[in-house]
Amino acid sequence: MVQQAALFRSAAPQRKCMQNISFNPARFFSAGGQLSINIESDACQGTANEVNTLEHVQVRVSITAPCRGDLSISLESPGGTVSLLLDTRPNDGSAAGLKNWTLMTMHCWGEQPRGLWTLK
């Protein structure tokens, strides 16, 4: 096994393609409601950071909520994979919301990233 390791090829350098979405004015929804955000991604096509297959996806959110534990966040990839990024937490009654929280999924490993992403 150790002799074979000398033949391993290194992985290509990590590429990061970032897309920022902000809402001004802020979007509001009522208790029990749902907000759906569609994000069209070109995966930095044509740049040095172009991503052709995914390893993981990170989503950074800032959300104000009277009860943080009531929030649930999911992400649907262009390939149709739905990842639950944050589930409700009955014991989290904090009113601090989610300020600059980074959530991650690996459920879309190997998928092509170009297309429509839906954050709910």
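The values are calculated or read from the model by the stated rules, or taken from the named source; none is laboratory data. Since we're looking at a predicted model, the values are computed, not measured. In this analysis, Cβ positions are derived from the backbone assuming ideal geometry, glycine residues included, and neighbour counts consider all displayed protein chains. Just the protein is used for accessible areas: all its heavy atoms, side chains included, with ligands, DNA and RNA removed. Shrake-Rupley method; radii C 1.70, N 1.55, O 1.52, S 1.80 Å.
Mean residue ellipticity at 222 nm, helices only, the chain: -500 deg cm²/dmol; runs of at least 4 DSSP H residues each add -39,500 (n - 2.57), and the sum is divided by the number of residues. Accessible surface ranking for ARG9, ARG60, 1.4 angstrom probe, highest first: ARG9, ARG60.
One chain, two ends: SER36 and ALA65. Fully extended at 0.36 nm per residue, the span grows by 8.8 nm beyond their Cα-Cα distance. Excluding ligands, DNA and RNA, the accessible surface per residue across the chain is 74 Å² with a 1.4 Å probe. Measuring from each cysteine beta-carbon in the chain, the ones with no other cysteine beta-carbon under 4.7 angstrom are CYS67, CYS108. Net charge in the neighbourhood of GLY69 (other residues with Cβ under 11 Å of its Cβ; Lys, Arg +1, Asp, Glu -1) is -1.
Global dimensions of segment 17-60 from alpha-carbon coordinates: Rg and Dmax equal 14.3, 43 Å. Its Cα gyration tensor gives segment 25-120 an equivalent ellipsoid, and the semi-axes of that ellipsoid, as √(5λ) in whole Å with the largest first, are 27, 14, 12. Paramagnetic label reach from ALA95 (point 7 Å along Cα→Cβ; backbone nitrogen cut-off under 19 Å): within segment 45-84, residues 63-71. In segment 35-114, the portion of solvent-accessible area held by carbon and sulfur atoms comes to 49 percent [1.4 Å probe, whole percent, DNA, RNA and ligands not counted]. Applying 1/(1 + (r/R0)^6) with R0 = 35 Å to the Cβ-Cβ distance of GLN112 and THR88 gives a FRET efficiency near 0.70.
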